[in-house]
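The values are calculated or read from the model by the stated rules, or taken from the named source; none is laboratory data. Here the structure is a predicted model, which is why all the values come from computation and not from measurement. Note that each Cβ is placed from the backbone with ideal geometry, even for glycine, and that neighbours are counted across all protein chains shown.
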Amino acid sequence: MTSSEGGARTIGQRVAETGGRTTGFDYLRIGLALAVMVWHSFPISYGKPFETMVLGGWARPTVAFILPAFFALSGFLVAGSLERNTSLLRFAALRAIRIMPALGVEVLLSALILGPLLTTVGLAAYLSDGEFHEYFLNVFGIIHFDLPGLFETNPIPRIVNGQLWTIPYELECYAALAALAALGLVRRPVLMLAAVTGLQLALMAITYQPIVFGSPLPELGGVFSGRLLVMSFLWGVVLFRLRDRVPFSGWLAAIAAAVSVALMLVPLGDALAALPIAYAVAYLGLQQPRSTPIVALGDFSYGIFLYGFAVQQTVASLGAWTHHWYLNLALAVPLVTLFAAFSWYGVEKPALALRKRLSVLDPVDAWIGSAQGRLGSLAPWARTEGRDGIGA
């Protein structure tokens, strides 16, 4: 529908039309999680040189778009959650119960079942190795990729959970959003836009400073900086908070996607790609295609992300005959889907049920609010209910 005043329809109007619940975001989550597996099937099958070749060539945007899109999607949805929640403390607790239980179970299964089954060292040596002990720090976002004696002869040797490198940046995103909320900027979208724009300019300055001072332009390559992930998340938040002022346009989304691709084909262009990626993702997510069992059965995307790499590495360890990307996917995807279903029904969904018990935090939240009042805080976080149902 079009605005009654004849103006362009906005993202906010689209959110209101859909009641804040769209299958577009559901399909995007699953699609992006599977896209990560598709990409990983190549280096897992052919090794690091293949990864370097792809990331230095024309196909780079097809890979480099995936994770920033995931983070932009998260930012858009999490902004809705923050807007609806009555306290920053409750918001932090919600993020913790969404991330930590499933991550913890995956880490435990990798270390205590997968490791002992596949390690090339004795069980006693495995359990006493420092790598084994350090691996449990993954639960807290302190990432360790290796377990003793695992995947030693794989095309990508030793790495058990290569995808976990993004977890610290996800935690950084939540910390940045919490800081913006504590400063009151989430309640003031224009000021938040200014703050995120400032961060974007700082990223650009850091990225391009060596070139300004005479360093040669680097060759195209590398997936991207983790800073791109954080900026994609923050621009997703900004688009949600400014939803009543941002047009909802297919043409604009197509232009944004094209600009993103072009920037990712230019050395250091990633520093500018976060905003167009976030807009393209928000537009796609706000579509409403027909629901199918792919999304109706549950949100398997986090489980696919968590278990994909370890299962694909396990497949690759079966022998050289599996070292073809299509065989890796054919064997790994069904197994990963089963693990993702277990993660959703056995861990994530029960953990999310704990949301009803977060009222136990109310006395602490009241004390924090009282302390803020005594300090004369000029920027308390939002305490009003949001209008829309976006986020969780």
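Going through 93, 125 one at a time, which residue ends up being surrounded by fewer than 16 Cβ atoms within 10 Å (Cβ to Cβ) and part of a helix (DSSP H, G or I)? It would help to see each step written out before you state the result.
On the way: 93 fails: surrounded by fewer than 16 Cβ atoms within 10 Å (Cβ to Cβ).
Going through 93, 125 in turn, just one is surrounded by fewer than 16 Cβ atoms within 10 Å (Cβ to Cβ) and part of a helix (DSSP H, G or I): 125.
Condition check ((1) touching an Asp or Glu at 6+ places or on another chain (Cβ under 9 Å); (2) at pLDDT 95 or above) across all residues:
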| position | (1), (2) |
| --- | --- |
| 309 | no, yes |
| 315 | no, yes |
| 337 | no, yes |
| 343 | yes, yes |
| 348 | yes, yes |
| 375 | no, no |
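Give the residues of the stretch 62-74 that are part of a helix (DSSP H, G or I) and in contact with a Ser or Thr (Cβ under 7 Å, 6 or more places away or on another chain), sorted by residue number. Full working, then the answer.
Filtering the stretch 62-74 for residues part of a helix (DSSP H, G or I) gives 62-64, 66-74.
Correct list: 67, 68, 71, 72.
Residue under question is residue 23, and the condition is that it be under 30 Å from residue 246 (Cα atoms) and touching a Ser or Thr at 6+ places or on another chain (Cβ under 7 Å); does it hold? Write out each step before concluding.
Working: under 30 Å from residue 246 (Cα atoms): yes; touching a Ser or Thr at 6+ places or on another chain (Cβ under 7 Å): yes.
Yes: the conditions hold for residue 23.
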Next on the checklist: Contact list please: Cβ distance under 8 Å, first residue in the stretch 147-172 and under 23 Å from residue 52 (Cβ atoms), second residue acidic (Asp, Glu) and surrounded by 21 or more Cβ atoms within 10 Å (Cβ to Cβ), pairs at least six apart or on different chains.
Outcome noted: 161/106
Item to check | Criterion violated by residue 141 - all others in (1) without any contact (Cβ under 8 Å) to a residue 60 or more places away in the chain; (2) more than 28 Å from residue 241 (Cβ to Cβ) satisfied | outcome: (2)
Checklist outcome for this item: All conditions in (1) assigned to a helix (DSSP H, G or I); (2) free of Cβ contacts under 8 Å to residues at least 40 places away in the same chain; (3) within 23 Å of residue 226 (Cβ to Cβ) are true of residue 117 except (3)
Item to check | Selection status of residue 278, farther than 19 Å from residue 108 by Cβ, at pLDDT 95 or above, within 22 Å of the chain's Cα centre (by Cα) and small (Gly, Ala, Ser) | outcome: yes
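Take the conditions crowded, with 17+ Cβ neighbours inside 10 Å and in a helix (DSSP H, G or I) and apply them to residue 82. Does it pass? Walk me through it before giving the result.
Values: crowded, with 17+ Cβ neighbours inside 10 Å: yes; in a helix (DSSP H, G or I): yes.
It is true that residue 82 is crowded, with 17+ Cβ neighbours inside 10 Å and in a helix (DSSP H, G or I).
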Checklist entry - Can you find a residue in the stretch 16-37 that is touching a Phe, Trp or Tyr at 6+ places or on another chain (Cβ under 8 Å), modelled with pLDDT under 95, not polar (S, T, N, Q) and not in a helix (DSSP H, G or I)? => result no
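If you scan the stretch 167-184, which residues turn out to be crowded, with 18+ Cβ neighbours inside 10 Å and in a helix (DSSP H, G or I)?
Answer for the stretch 167-184, where residues must be crowded, with 18+ Cβ neighbours inside 10 Å and in a helix (DSSP H, G or I): 167, 169, 170, 173, 174, 176, 177, 178, 180, 181.
Could you check how many residues of the stretch 265-275 are over 17 Å from residue 237 (Cβ atoms) and either within 19 Å of the chain's Cα centre (by Cα) or of a type in the set (Lys, Arg) (or both)? Before you say what the answer is, go through the steps one by one.
Kept after step one, since they are over 17 Å from residue 237 (Cβ atoms), are these residues of the stretch 265-275: 265-272.
When the remaining residues are screened for being either within 19 Å of the chain's Cα centre (by Cα) or of a type in the set (Lys, Arg) (or both), the result is 270-272.
Of the residues in the stretch 265-275, 3 are over 17 Å from residue 237 (Cβ atoms) and either within 19 Å of the chain's Cα centre (by Cα) or of a type in the set (Lys, Arg) (or both).
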Item to check | Matching residues, the stretch 185-226, being assigned to a loop (DSSP other than H, G, I, E, B), at pLDDT 65 or above and farther than 14 Å from residue 268 by Cβ | outcome: 185, 186, 187, 188
Checklist entry - Taking the stretch 12-47, which residues are free of Cβ contacts under 8 Å to residues at least 40 places away in the same chain and over 23 Å from residue 337 (Cβ atoms)? => result 17
